[in-house]
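The values are calculated or read from the model by the stated rules, or taken from the named source; none is laboratory data. Just so you know, these numbers come straight off a predicted model, no measurement behind them. Cβ placement follows ideal geometry from the backbone for every residue including glycine, while neighbour counts extend to all protein chains displayed.
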Amino acid sequence: MTVTTPKTVPDAPDRKRSLLSRLPIVHQVRQSMGIQRFMLVAGLVVTGLFILTALLAPVIAPYGYSQLRGDDGAFGSQQAPSADHLFGTTVGGYDVLSRTIWGAQTALSVVIVAVILSIFVGVFLGLVSGYFGGWLDRVLVVVCDAIYAFPTLLLAIVMSIAISGGQSSLWGGVFAAAISITVVFIPQYFRVIRAETVRIKSEAYVESAKVVGASNARIIFRHVLRNATRTLPLIFTLNASEAILTLAGLGFLGFGIEPTSAAEWGFDLNKAIVDVSSGVWWTALPPGIAIVLAVLGVTLVGESLNDLADPRLRGRRRVAAASGTVAATSVVPGGAQTAGPAGLGGLESGETFGDDGIETRP
């Protein structure tokens, strides 16, 4: 008679908990420990606030980014912080708090456009170069190395002047900064994807796909691409902070977006230089702190994900917890040593026992 044991189906809360623990960010938080978890959580909180501020700027900003007048008349120039203007007003008469909040929206737009463009172009070139090789691979490697040698900010200035003459509208300035950053970021994605493609194309499942007659396009986009893009989130987070700094550098040097078209932190810092020398501190502090916090949050997330992706950089406590408890036994040439009738204490006192358990003395 055969007895069948019914299969146990996990409860719905357990299934939801297991699915939740496998989400990308939740998995990394559970995997981290100690200072790594603190850095990751702090970076996620700061980055989340930055994204929420950018998305909700029309709701939480008390005024528009180019608004100069309110219900009581003009705001005035270089007004000190008050109930109507928590961070005061700029030399141009704009509300500092409102322009700082709206500046997060501009920075987020540049990050999204620049990183998406560079990912698509860099990943495509890396797949083609690594898979086909030959003269095309050599040419692309040389070109990407040459582009990578250009300074990011210098290239951004050149692209900004070429696209919009140095002063631009919202989307003109966003695309000027995004395209310049894209050109610099492409070699980074190209190198990573090309190296992974060269390694993956020699795997057995790729060779099997070739044997059954799969086309090169199917192999590249169905088999190679899926396994070669696992490290892209790490590069994305590390490059996003550089995109914010490049946009701020353009605005600070006077090649950014016009204040009537959009709010930009670097432009506001440039206009606040004279204010600081005159003792007006409130026009420079908010946009400067916003740049620091945005870059710090994204950098903390990127560095934490990079550490967690490398097993050698994980915390020692995590490794010790995963290794389990080591048994109190020793291995000798004759096999594993076991305790006799007197227990482990007998072994420690110098007494030895034979295979039959009878005590023997030297």
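Only one of these conditions is not met by Val212: (1) farther than 26 Å from Thr106 by Cβ; (2) surrounded by 15 or more Cβ atoms within 10 Å (Cβ to Cβ); (3) of a type outside the set (Lys, Arg). Which number is it?
Tallying (1) farther than 26 Å from Thr106 by Cβ; (2) surrounded by 15 or more Cβ atoms within 10 Å (Cβ to Cβ); (3) of a type outside the set (Lys, Arg), Val212 fails exactly one: (2).
Please give the number of the condition Leu153 fails out of (1) in a helix (DSSP H, G or I); (2) in contact with a Phe, Trp or Tyr (Cβ under 9 Å, 6 or more places away or on another chain).
Among (1) in a helix (DSSP H, G or I); (2) in contact with a Phe, Trp or Tyr (Cβ under 9 Å, 6 or more places away or on another chain), Leu153 violates only (2).
Hey, can you tell me all the residues within the stretch 78-103 that are surrounded by fewer than 14 Cβ atoms within 10 Å (Cβ to Cβ) and hydroxyl-bearing (Ser, Thr, Tyr)?
Answer for the stretch 78-103, where residues must be surrounded by fewer than 14 Cβ atoms within 10 Å (Cβ to Cβ) and hydroxyl-bearing (Ser, Thr, Tyr): just Ser82.
Which one is surrounded by the fewest Cβ atoms within 10 Å (Cβ to Cβ) among residues in the stretch 268-288 that are among the small types (Gly, Ala, Ser) and under 32 Å from the mean Cα position of the chain (by Cα)? Break it down into steps so the answer makes sense when it comes.
Filtering the stretch 268-288 down to residues among the small types (Gly, Ala, Ser) leaves 272, 277-279, 284, 288.
Filter once more, keeping what is under 32 Å from the mean Cα position of the chain (by Cα): 272, 284, 288.
Details: Ala272: 23, Ala284: 19, Gly288: 17.
Applying the filter and picking the extreme gives Gly288.
Looking at (1) touching a residue at least 40 places away in the same chain (Cβ under 8 Å); (2) crowded, with 20+ Cβ neighbours inside 10 Å, which is the one condition that is false for Leu253?
Status for Leu253: all satisfied but (2).
Output the number of the condition that Asp95 fails; it satisfies all remaining conditions of (1) at pLDDT 85 or above; (2) in contact with a helix residue (DSSP H, G or I) (Cβ under 8 Å, 6 or more places away or on another chain).
Result: Asp95 fails condition (2) only.
Pick out, from the stretch 232-312, the helices (runs of 4 or more DSSP H) lying fully within it that include 1 or more residues that are modelled with pLDDT under 80 and closer than 16 Å to Met39 by Cα. Outline the logic, then answer.
Values: elements: 232-252, 265-271, 273-277, 285-309.
Helices (runs of 4 or more DSSP H) meeting the threshold: 232-252, 285-309.
How about the stretch 176-205: which of its residues are touching a helix residue (DSSP H, G or I) at 6+ places or on another chain (Cβ under 8 Å), of a type in the set (D, E, K, R) and part of a helix (DSSP H, G or I)?
Answer for the stretch 176-205, where residues must be touching a helix residue (DSSP H, G or I) at 6+ places or on another chain (Cβ under 8 Å), of a type in the set (D, E, K, R) and part of a helix (DSSP H, G or I): Arg191, Arg194, Glu196.
Can we say Thr53 is modelled with pLDDT under 90 and surrounded by 14 or more Cβ atoms within 10 Å (Cβ to Cβ)?
Spelling it out, it is not the case that Thr53 is modelled with pLDDT under 90 and surrounded by 14 or more Cβ atoms within 10 Å (Cβ to Cβ).
In the list Ile181, Ile200, which residue meets the criterion of being of a type in the set (A, V, I, L, M) and at pLDDT 80 or above? Break it down into steps so the answer makes sense when it comes.
Values: Ile181 fails: at pLDDT 80 or above.
From the options Ile181, Ile200, the qualifying one is Ile200.
Does the stretch 118-135 hold any residues that are on the phi < 0 side of the Ramachandran plot and loosely packed, with under 14 Cβ neighbours inside 10 Å, and which are they?
Start the filter on the stretch 118-135 by keeping residues that are on the phi < 0 side of the Ramachandran plot, which leaves 118-132, 135.
Of everything in the stretch 118-135, those that are on the phi < 0 side of the Ramachandran plot and loosely packed, with under 14 Cβ neighbours inside 10 Å turn out to be Phe120, Trp135.
Scan the stretch 206-226 for residues that are outside any helix (DSSP H, G or I) and closer than 20 Å to Gly126 by Cα and report the count. Break it down stepwise before answering.
The initial filter retains those residues of the stretch 206-226 that are outside any helix (DSSP H, G or I), namely 212-215.
If we keep only those that are closer than 20 Å to Gly126 by Cα too, we end up with 215.
The number of residues fulfilling the criteria is 1.
Of the residues Thr260, Thr229, Thr237, only one is among the polar types (S, T, N, Q), surrounded by 21 or more Cβ atoms within 10 Å (Cβ to Cβ) and in contact (Cβ under 8 Å) with a residue 12 or more places away in the chain; which? Break it down stepwise before answering.
Working: Thr260 fails: surrounded by 21 or more Cβ atoms within 10 Å (Cβ to Cβ); Thr229 fails: surrounded by 21 or more Cβ atoms within 10 Å (Cβ to Cβ).
Going through Thr260, Thr229, Thr237 in turn, the sole match is Thr237.
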